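I have placed the structure first, in the form of structure tokens, so that the comments after it can refer back to it.
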Amino acid sequence: MERNKDSRFFSPFHPNLPSFHFHRQRLRRFSEMRKTTTDRVNQKFSNLTKNMMLSNYLPSGIKMNFKSWLMSLASFSTLTFVFLFVYLKFTSDTEEEAHLHHLPKEVTCPASIPNEPDNSSTITNGGGSIFFLETSDRTSPSFQVMCAVESAARANPHTKIAIMMNGLRSNNQSLPRNFGISFLSCFSNVEFVPLDFKKLFSDTPLSTWYSKVERHGELVDYPTVSDACRLAILWKWGGIYLDTDFIILKNLLNITNAMALQSLYVVNGAFLTFQPGHKFIELCMRDFVKNYNYWLYGHQGPQLLTRVYKKWCGTRRLRDKNSCQGVNVLPKETFYPVDWQDWKKYFEVIEMKEMKTLLRNSYGVHLWNKKSQGKRLEKGSFLEHLQLEYCPTTNNLMKMYL
């Protein structure tokens with residue numbers, strides 16, 4: 001999962017503030033790490049002096065000074081790790097938000113945008129909807145989100161595309177005035193919908209888990225909430241879920257009750273499509289609650305889908321079952337033609353013919369945002385070719401304002 005994308009920690013009681021419960025837990029863990037590191041240094045120093053019989057040669061004052069120096073070094077290293085972790089976790093989002101803040105508030109809709117009438121004869125509702133999520137309180141779509149939505153809207157012009165945002169508090173609230181919302185509103189099949197966690201999880205197997213989150217009884221972050229949201233959405237309404245770091249190449253409505261391989265061993269949930277009330281999604285939600293483990297990366301996302309599918313099919317290996325009991329696992333190239341380890345390929349120059357050959361069986365391209373965000377776009381690169389063909393208006397706007 002590969003995951004969406006603002007990974008700051010939050011409190012459901014105040015979406016703009018970090019969870020103090022989580023930070024107490026984190027500080028406790030870092031304190032334990034520092035204590036463990038210090039104890040290990042003490043032990044190693046003790047063993048060193050014992051084995052080399054340094055005590056016979058070093059005055060006690062020097063030994064104590066050296067030991068204090070090692071302890072200080074260990075503490076400094078731990079604190080450096082903490083500050084580096086926090087810096088990497090928060091700075092990229094802050095810089096992007098600062099840049100978005102300086103963009104114009106309104107966009108004149110280009111004539112190149114398809115603008116089909118918004119009525120029941122052209123727009124598919126209910127189980128045919130495509131859902132994107134923003135689980136943070138952010139309401140200014142980034143250029144990457146704009147490209148994902150534009151590509152989906154162009155490839156699926158008769159399908160309603162819902163961008164569900166935690167930052168929108170009610171259906172009666174007027175939309176924020178910003179560059180991304182103004183641009184995406186140019187597409188007649190795109191709409192913005194408030195994301196109310198409590199309402200979404202009510203009457204689902206995830207309600208007990210979310211009740212614990214509200215009481216600060218469970219640790220959680222935005223990607224984990226996103227993993228839960230996509231399951232609840234598909235179970236309640238059905239349709240298609242997409243991560244916001246996709247570029248969609250083809251119409252998706254001929255795919256149903258399906259997900260795709262990320263590798264031979266893992267199913268990824270960045271793309272999911274299921275009918276409402278599907279038993280497989282219900283089992284995923286029950287596994288989410290029963291085996292909840294915040295600390296294992298991917299445990300509530302790709303690993304959950306993989307282990308539930310194996311149980312669903314009664315198999316130990318994904319390669320043995322690409323379809324069973326009405327659930328389909330699509331080949332890797334359909335949505336993940338480039339491995340996450342090879343994400344830099346998107347920024348390398350490639351011939352259009354070579355790219356077309358690589359993507360001949362692909363419906364979408366996952367960009368592995370956690371790895372690729374903030375990387376500069378090169379002329380003639382894989383990613384530029386994708387943007388020029390599948391989200392051309394976003395690409396033009398990027399050239400104008402970046």
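The values are calculated or read from the model by the stated rules, or taken from the named source; none is laboratory data. None of the values given here were measured: they were computed from a predicted structure. For neighbour counting, all protein chains shown are included, and Cβ atoms are generated from backbone atoms with ideal geometry for every residue, glycine included. Heads up: the accessible areas ignore ligands, DNA and RNA and are worked out on the full protein's heavy atoms, side chains in. Shrake-Rupley method; radii C 1.70, N 1.55, O 1.52, S 1.80 Å.
Among the residues in the stretch 351-370, are any over 24 Å from ALA155 (Cβ atoms) and either open to solvent by less than 20 Å² (accessible area, probe 1.4 Å) or not basic (Lys, Arg) (or both)? No, the conditions are met nowhere in the stretch 351-370.
When ASP342, ASP287 are checked against the criterion of being surrounded by 14 or more Cβ atoms within 10 Å (Cβ to Cβ) and not in a loop (DSSP other than H, G, I, E, B), a single residue qualifies: ASP287.
Among all positions in the stretch 380-391, there is no residue which is hydrophobic (A, V, I, L, M, F, W, C), open to solvent by less than 80 Å² (accessible area, probe 1.4 Å) and modelled with pLDDT under 95.
Could you tell me whether any residue of the stretch 225-236 is touching a helix residue (DSSP H, G or I) at 6+ places or on another chain (Cβ under 9 Å) and either within 21 Å of VAL107 (Cα to Cα) or without any contact (Cβ under 8 Å) to a residue 12 or more places away in the chain (or both)? Within the stretch 225-236, none of the residues are touching a helix residue (DSSP H, G or I) at 6+ places or on another chain (Cβ under 9 Å) and either within 21 Å of VAL107 (Cα to Cα) or without any contact (Cβ under 8 Å) to a residue 12 or more places away in the chain (or both).
Name every residue in the stretch 319-358 that is acidic (Asp, Glu) and closer than 23 Å to LEU252 by Cα, in order of residue number.
To start, the set of residues in the stretch 319-358 that are acidic (Asp, Glu) comprises 320, 333, 339, 342, 348, 351, 354.
Those that are acidic (Asp, Glu) and closer than 23 Å to LEU252 by Cα: GLU333, ASP339.
Within the stretch 267-316, being modelled with pLDDT of 95 or more and of a type in the set (Lys, Arg) holds for LYS279, ARG286, LYS290, ARG307, LYS310, LYS311.
Residues in the stretch 254-284 that are part of a loop (DSSP other than H, G, I, E, B) and surrounded by 14 or more Cβ atoms within 10 Å (Cβ to Cβ): ILE255, THR256, ASN257, GLN262, SER263, VAL266, GLN275, PRO276, HIS278.
On inspection, ILE240 qualifies as at pLDDT 95 or above, part of a strand (DSSP E or B) and open to solvent by less than 10 Å² (accessible area, probe 1.4 Å).
Contact annotation: residue pairs with Cβ atoms under 7 Å, 6 or more positions apart or on different chains, pairing a residue in the stretch 156-169 that is in a loop (DSSP other than H, G, I, E, B) with a partner that is of a type in the set (Lys, Arg), are GLY167/ARG138. LEU388 satisfies every condition listed in (1) in a helix (DSSP H, G or I); (2) among the hydrophobic types (A, V, I, L, M, F, W, C); (3) farther than 17 Å from PRO141 by Cα; (4) in contact (Cβ under 8 Å) with a residue 24 or more places away in the chain except (4). For ALA155, the requirement of being at pLDDT 95 or above, surrounded by 21 or more Cβ atoms within 10 Å (Cβ to Cβ) and in contact with a Leu (Cβ under 8 Å, 6 or more places away or on another chain) is not met.
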